[in-house]
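For reference, the structure discussed in these notes is given below.
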Amino acid sequence: MLPDLSAAAEDTAVIGLLGGVGALFLAMGGTTVYRVMALRSRGVRVPGRITGARISTSSEGGTSSAATFEFTTVEGRHVHTTQPVSSSSNRLRAGHAVTVAYDPGDPERAEVVEAVTQLAGGLAFAAAGAALLIGGAVALARLLG
């Protein structure tokens, strides 16, 4: 008896979708972690201050925020920018003094050193992506094996 090819095609499509979404999440998370770690390790560090937050609301009604902050570069340029990743657990509040690490070639590319959510968000995306990729590989091995 021949195997049901339509079921195998559906299984392969689901496995491909798992792998594709997993690869996307892994790439997004990995890029965020790399950017944060590169700025924190090689960026110029200066004192800064949290000035507020950019609030985002999802279609389900949940909110997340990204801290807005300001600092002065070692060359004396005043910079006001926003964290690139929003989080529902952002604990940075207006008025708090922080340490900022920035790229001297592009000071708008800056990171609040004390912000855990930027790194945690990147790691969570990367872990979810890795789990989806592994799940897809296991499912593919079972399908073929």
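The values are calculated or read from the model by the stated rules, or taken from the named source; none is laboratory data. Because the structure is predicted, anything quoted here is derived from the model rather than measured. Ideal geometry is used to build each Cβ from the backbone, glycine not excepted, and the neighbour counts take in all protein chains shown.
Would you check which residues across the stretch 68-119 are among the small types (Gly, Ala, Ser), surrounded by fewer than 17 Cβ atoms within 10 Å (Cβ to Cβ), under 15 Å from ALA53 (Cβ atoms) and touching a residue at least 40 places away in the same chain (Cβ under 8 Å) and list them?
ALA94, GLY95
For the stretch 34-43, check the following and say yes or no: at least one residue is outside any strand (DSSP E or B), modelled with pLDDT of 80 or more and within 30 Å of LEU143 (Cα to Cα).
No, the conditions are met nowhere in the stretch 34-43.
Per-residue answers, yes or no, for (1) closer than 17 Å to THR31 by Cα; (2) in contact with a Leu (Cβ under 9 Å, 6 or more places away or on another chain); (3) aromatic (Phe, Trp, Tyr):
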residue	(1), (2), (3)
GLU75	no, no, no
PRO84	yes, no, no
ARG93	no, no, no
ALA97	no, no, no
ARG109	yes, yes, no
ILE134	no, no, no
ALA141	no, no, no
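Residue by residue, here is whether (1) polar (S, T, N, Q); (2) in contact (Cβ under 8 Å) with a residue 12 or more places away in the chain; (3) surrounded by 15 or more Cβ atoms within 10 Å (Cβ to Cβ); (4) closer than 24 Å to THR72 by Cα holds:
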| position | (1), (2), (3), (4) |
| --- | --- |
| GLU10 | no, no, no, no |
| VAL14 | no, yes, no, no |
| VAL21 | no, yes, yes, no |
| PHE25 | no, yes, yes, no |
| LEU39 | no, yes, yes, yes |
| GLY43 | no, yes, yes, yes |
| GLY48 | no, yes, yes, yes |
| ALA53 | no, yes, yes, yes |
